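The values are calculated or read from the model by the stated rules, or taken from the named source; none is laboratory data. Everything numeric in this text was worked out from a predicted model, so none of it was measured. FYI the Cβ positions are ideal-geometry reconstructions off the backbone, even for glycines, and counts take in every protein chain you see.
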Amino acid sequence: MPPMNAVTHDPRLNNWRKASHGLRRELAGFIPKNRLRELHLRRPARHFLVVARLALILALSSWGLWVATNPVAWVPLVLIQGLVFFDATVLLHEALHHLIWQGHSGRERRLGLAYGAFTGLSATQFSRWHLDHHAALGDPENDPKRHHLSPKRNSRLLKLAYFTPLLLPLYFRAASRETATYPPELRRRIRRERAAAVSIHLAVALLLWWTGGPGVALRVQVLPLFAGFPVWFGINRAGQHYWIDPGDPARWGTLVRGSPLWDTLFLWSNYHLEHHYFPAIPFYNLPKVHRLLQPFYEARGMRAVGYGELLWRWLILNSPPHARWS
């Protein structure tokens with residue numbers, strides 16, 4: 001089975017490695033080697049406990065949307081269901097970084113395909129896109145997420161579109177533009193995976209329609225995917241790489257304040273900066289990394305921010321993407 005990450009050897013995609021050489025040595029001085037080894041240990045049971053929790057939430061929210069007759073009840077349930085869809089992309093992220101089992105395993109490839117199909121994604125496309133993003137971090141042209149997906153106009157209306165069903169055409173257009181640069185065999189694999197994922201969603205929608213009617217199909221699947229998922233995507237993305245310092249590799253990600261609430265909702269993907277510092281550490285250990293690096297942040301004068309302030313600056317004050325916000 002071909003590797004999910006499909007690593008490229010494009011020499012343009014080494015911006016982060018070159019720019020962060022000194023930074024990575026500095027970071028290592030703040031976490032003892034034995035502690036760092038512990039943080040890198042994978043615990044499959046911990047990962048699958050998260051999966052089980054999400055499966056339970058999915059079952060309960062699906063049942064609630066099936067039986068709910070009051071439209072007022074649909075809004076929180078659609079958001080909860082949409083959060084499960086979003087969190088499936090976080091699980092895919094863990095699989096593509098090989099953070100489930102010790103060592104690389106074909107099982108992670110198969111899990112990644114399942115997690116990707118859950119939200120209609122090609123696991124191969126998402127993995128290649130994300131790993132290229134890691135390698136080219138800080139490069140406005142070669143970082144595919146920044147080049148193709150970030151808003152090109154500093155417009156509040158355009159930014160708001162990322163919190164709505166318009167996110168899906170925006171994302172798939174961006175992904176298609178980057179995919180067009182891939183080798184033919186890789187493009188064919190991505191098309192097969194995407195077709196399979198879409199077919200699964202269509203089959204589920206038809207089954208829901210047949211067993212419960214069009215209203216059930218709309219509430220249980222369509223609204224969570226098209227209306228709930230984008231809300232969480234927009235919030236999470238606001239805490240990744242919009243508020244940065246282009247001149248300092250240590251600040252090429254946004255330092256987000258730790259919070260039990262957001263840790264639970266986002267499966268620790270809110271520690272996006274720490275993930276870029278140490279991409280081989282599983283998500284459930286990132287809060288520990290965040291705490292251990294507090295002296296580093298203080299020495300650098302880096303201030304952690306919450307999602308409330310991030311969204312205020314991003315949407316209300318209309319701060320530009322990938323810039324240092326005063």
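Given (1) aliphatic (A, V, I, L, M); (2) in contact (Cβ under 8 Å) with a residue 24 or more places away in the chain; (3) buried (at least 21 other Cβ atoms within 10 Å of the Cβ); (4) closer than 25 Å to HIS47 by Cα, identify the lone condition not met by LEU111.
With (1) aliphatic (A, V, I, L, M); (2) in contact (Cβ under 8 Å) with a residue 24 or more places away in the chain; (3) buried (at least 21 other Cβ atoms within 10 Å of the Cβ); (4) closer than 25 Å to HIS47 by Cα applied to LEU111, the lone miss is (2).
Can you tell me which residues in the range 244-286 are free of Cβ contacts under 8 Å to residues at least 40 places away in the same chain, part of a helix (DSSP H, G or I) and closer than 20 Å to HIS134 by Cα?
Scanning the range 244-286 gives HIS272, LEU273, GLU274, HIS275, LEU286.
Rundown of residues vs (1) in contact with a Phe, Trp or Tyr (Cβ under 8 Å, 6 or more places away or on another chain); (2) of a type in the set (Asp, Glu); (3) outside any loop (DSSP other than H, G, I, E, B); (4) at pLDDT below 95, yes/no style:
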site	(1), (2), (3), (4)
LEU121	no, no, no, yes
HIS133	no, no, yes, no
PRO140	no, no, no, yes
LYS152	no, no, no, yes
LEU157	no, no, yes, no
LEU160	no, no, yes, no
PRO165	yes, no, no, no
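Among all residue pairs at least 6 apart or on different chains, which show Cβ distances below 6 Å where the first residue, located in the range 16-37, is within 25 Å of HIS133 (Cα to Cα) and the second is surrounded by 13 or more Cβ atoms within 10 Å (Cβ to Cβ) and of a type in the set (Ser, Thr, Tyr)?
Taking only residues 6 or more apart or on different chains, the pairs are LEU27/TYR277.
Rundown of residues vs (1) among the basic types (Lys, Arg); (2) part of a helix (DSSP H, G or I); (3) touching a Pro at 6+ places or on another chain (Cβ under 9 Å); (4) surrounded by 12 or more Cβ atoms within 10 Å (Cβ to Cβ), yes/no style:
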site	(1), (2), (3), (4)
GLU26	no, yes, no, yes
PHE30	no, no, yes, yes
VAL50	no, yes, no, yes
LEU60	no, yes, no, yes
VAL72	no, yes, no, no
VAL78	no, yes, yes, yes
VAL84	no, yes, yes, yes
THR89	no, yes, no, yes
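May I ask you to verify whether THR181 is among the β-branched types (Val, Ile, Thr), surrounded by fewer than 20 Cβ atoms within 10 Å (Cβ to Cβ) and modelled with pLDDT under 95?
yes
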